[in-house]
Amino acid sequence: MNLHAVRAIYLFELHRTWRTLFQSIASPVISTSLYLVVFGAAIGPRLAEVGGVPYGAYIVPGLILLAVLTESVSNASFGIYLPRFTGTIYEVLSAPVSVAEVLLGYVGAAATKSLMLGLVILATARLFVPFSIAHPVEMLGFLMLISVSFCLLGFLLGIWADGFERLQVVPMLVLTPLTFLGGTFYSLDMLPPVWRTVSLFNPIAYLVDGFRWTFYGVAVIDVRVSLAITLALLAACLTAIVVIFRTGHRLRA
Amino acid sequence: MDSPPPILSITGLTKTYASGQTALAGVDLSIRRGEIFALLGPNGAGKTTLIGAVCGLVRPSAGRIVADGHDVERDFRAARSRIGLVPQELATDMFETVWATVNFSRGLFGRRADSGHVERVLRELSLWEKKDAVISSLSGGMKRRVLIAKALAHEPTILFLDEPTAGVDVELRRDMWAMVRRLRGQGVTIILTTHYIEEAEEMADRIGIINRGRLVLVEEKEALMARFGRTRLSINLKAPLVALPPGWGDVELSADGTTLSVVQAGAGAGEPDIAALFRRVAAAGLEIAGVTTTRSSLEDIFVELVGTPAEDLP
Ligand SMILES: Nc1ncnc2c1ncn2[C@@H]1O[C@H](COP(=O)(O)OP(=O)(O)OP(=O)(O)O)[C@@H](O)[C@H]1O
Ligand SMILES: [Mg+2]
């Protein structure tokens, strides 16, 4: 194991984050705060409780995920796309590093940042709406798994993309809608049966439901199923990346 | 005679890109430990592809590469940790400092942090004063030095320089030559590609000429010069000559009749035609106005070699 390399990539990536701190932490925090002001503090008190949870608190887990998913994908994809674009990737490709080490460095750094972002948003949300966390250990575990999975997905996107637009399209046109429709602002139980069934094809619905369970202990789907889906997502991304590196696809000529 | 094992051995290396372009068509090459090897060839000859295959940037279609005893595919960690690469394209991080990026390279190649070594490398490349500068603020020549520093950060024993002096001013080029010699003094094997033939002539121990994906020739520089080098003697006459005296068939007479010249192949073996010409000119009672000799450069040799179809070459 080339630990020096893992460390070098990890620190390099964190340093890049530090440089773009405002863009990558402050802006999702601000937009999440806006949601909480509007839906949580202003409209929320007029709405009924969902599953025994006040509406403002109910939407917090989904909002955290909304920010974590989009930031994970866009940050991790940018992290690997940028060196491809500028050509500095030659150095990583010619270095004595394995796929595992490259992933630990790049995805590890991106996931660290996502986790930090999630926790910052969590703390910020507490300023707007009162809530408590029923299963804090599971909450952290879910947040980590989800961060890593979506950073892997972002990494894949960064390898696949051949233009900056594609990097933005996926978070904007795919993740945000899926997160909204995945029950961030409502419970799947509130939907007509047909739409509820359709929603179950959206993997993010499981993540939101499982993550919310760690907060309030209420879930529409069995939390073990949500966990299994999260793990499956992680495994799928990992497999795809290993295959890409093995074949050298898009990285080596 | 027992020759020591090569530090780099390439056998049957072939590369056909996805586009169908065959960039390397069966290259065999052995690089000796500690030498400076210059790879010359026209644009698109396959120089960068060859280097890419050794360094892991290009997947060979066929062939085997062994670097310092390690197969570059099966044993890529050991092989790559010994190799440093300065790419042809200037690709650098923009927002990092020189110090950070060079230390990053060292770690990436699996070496423990060693600020003493990094400092030495930066000083040798006259980059020490710029160590805290952000790379985007450096000039092109400085950026190239940064790339060299990055390639040397992990103390490689084999260094590839892909056109290190392209777009570099004369002074920096001299500096770079001096640096390459110093590195060789430290036991580093250097393989460089260049379009500047004087560079190969000045620096290389051996020269390889590649054209259309094939190594046309690999030879000691001295031997190459001796084999293909020519010396041309031209004698300017005070009075023009109407025709060559009988039996002077090996001598050329210029159209205006004032210049006699002979071309001597190789480097000074046998009875020089040049001395013979002087005797004949004196015997014929011709008065000499001036004499010039020109030695053909590697450039002439190069043009001669790649100008002819590969199959006609020696
Ligand atoms: N990634 C690639 N995909 C397809 N073809 C390529 C690729 N890289 C190089 N080639 C082709 O392979 C051939 C050899 O290219 P290469 O870059 O190795 O030449 P070179 O000798 O380094 O040339 P130069 O002196 O211009 O740098 C060229 O015909 C080139 O167009
Ligand atoms: Mg080239």
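The values are calculated or read from the model by the stated rules, or taken from the named source; none is laboratory data. Fair warning: this is a prediction, and the values are worked out from it, not measured in the lab. Heads up, the Cβs are rebuilt from the backbone with ideal geometry, glycines too, and the neighbour counts pull from every protein chain shown.
Restricting attention to the stretch B:1-41, which residues are part of a loop (DSSP other than H, G, I, E, B), within 11 Å of ligand 1 (Cβ to nearest atom) and not hydrophobic (A, V, I, L, M, F, W, C)? Give the steps one after another, and end with the answer.
Here is the first cut: in the stretch B:1-41, the residues part of a loop (DSSP other than H, G, I, E, B) are B:1-7, B:17-21, B:32-35, B:41.
Now narrow it down to the ones that are within 11 Å of ligand 1 (Cβ to nearest atom): B:17-21, B:41.
Result: B:Y17, B:S19, B:G20, B:Q21, B:G41.
So which residues in the stretch B:261-292 are surrounded by fewer than 15 Cβ atoms within 10 Å (Cβ to Cβ), modelled with pLDDT under 75 and in contact with a helix residue (DSSP H, G or I) (Cβ under 9 Å, 6 or more places away or on another chain)?
The answer is B:A265, B:G266, B:G268, B:A269.
Counting only residues that are in a loop (DSSP other than H, G, I, E, B) and within 9 Å of another protein chain (Cβ to nearest Cβ), which one in the stretch B:42-57 is farthest from ligand 1 (Cβ to nearest atom)?
Step one: of the stretch B:42-57, the residues in a loop (DSSP other than H, G, I, E, B) are B:42-46, B:56-57.
Those left that are additionally within 9 Å of another protein chain (Cβ to nearest Cβ): B:56-57.
Numbers: B:G56: 14, B:L57: 9 Å.
By that ranking, first place goes to B:G56.
May I ask you to list the residues in the stretch A:138-171 that are assigned to a helix (DSSP H, G or I), in contact (Cβ under 8 Å) with a residue 40 or more places away in the chain and among the aliphatic types (A, V, I, L, M)?
A:M139, A:L143, A:L145, A:I146, A:V148, A:L152, A:L153, A:L156, A:L157, A:I159, A:L167, A:V170
Looking at (1) surrounded by fewer than 20 Cβ atoms within 10 Å (Cβ to Cβ); (2) within 16 Å of ligand 2 (Cβ to nearest atom); (3) closer than 20 Å to B:L29 by Cα, which is the one condition that is false for B:E220?
(2)
Only one residue in A:V97, A:V92 is among the aliphatic types (A, V, I, L, M), within 14 Å of chain B (Cβ to nearest Cβ) and in a helix (DSSP H, G or I). Which one? Give the steps one after another, and end with the answer.
Details: A:V97 fails: in a helix (DSSP H, G or I).
Result: A:V92 is the single residue among A:V97, A:V92 that is among the aliphatic types (A, V, I, L, M), within 14 Å of chain B (Cβ to nearest Cβ) and in a helix (DSSP H, G or I).
Tell me, which helices (runs of 4 or more DSSP H) wholly within the stretch A:1-85 include 1 or more residues that are of a type in the set (S, T, N, Q) and surrounded by 19 or more Cβ atoms within 10 Å (Cβ to Cβ)?
On the way: elements: A:3-19, A:27-35, A:55-58.
The helices (runs of 4 or more DSSP H) meeting that bar are A:3-19, A:27-35.
All but one of (1) surrounded by 15 or more Cβ atoms within 10 Å (Cβ to Cβ); (2) small (G, A, S); (3) within 16 Å of ligand 2 (Cβ to nearest atom) hold for B:G44, so report the exception by its number.
So the condition that B:G44 fails would be (1).
Would you check which residues across the stretch B:188-211 are more than 15 Å from ligand 2 (Cβ to nearest atom) and either part of a strand (DSSP E or B) or within 14 Å of chain A (Cβ to nearest Cβ) (or both) and list them?
If the condition is that a residue be more than 15 Å from ligand 2 (Cβ to nearest atom) and either part of a strand (DSSP E or B) or within 14 Å of chain A (Cβ to nearest Cβ) (or both), then B:T189, B:I190, B:R206, B:I207 are the ones that fit.
Yes or no, residue by residue, for (1) more than 16 Å from ligand 2 (Cβ to nearest atom); (2) at positive phi:
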| site | (1), (2) |
| --- | --- |
| B:L24 | no, no |
| B:T49 | no, no |
| B:G63 | yes, yes |
| B:D93 | yes, no |
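Which residues, counting only those in the stretch A:210-253, are assigned to a loop (DSSP other than H, G, I, E, B) and away from ligand 2 (no atom under 16 Å from the Cβ)? If you could, list the steps in order and put the result at the bottom.
Filtering the stretch A:210-253 down to residues assigned to a loop (DSSP other than H, G, I, E, B) leaves A:217-222, A:248-253.
Within the stretch A:210-253, A:G217, A:V218, A:A219, A:V220, A:I221, A:D222, A:G248, A:H249, A:R250, A:L251, A:R252 qualify.
Starting from the stretch B:79-103, take each residue that is at the interface with chain A (Cβ under 9 Å from one of its Cβ atoms) and list its partners that are part of a strand (DSSP E or B) and among the charged types (D, E, K, R), counting only C-beta distances under 8 angstrom and pairs at least six apart or across chains.
Going by the 8 Å Cβ cut-off, the qualifying pairs are B:A79/B:D71; B:L85/B:D162; B:P87/B:D162.
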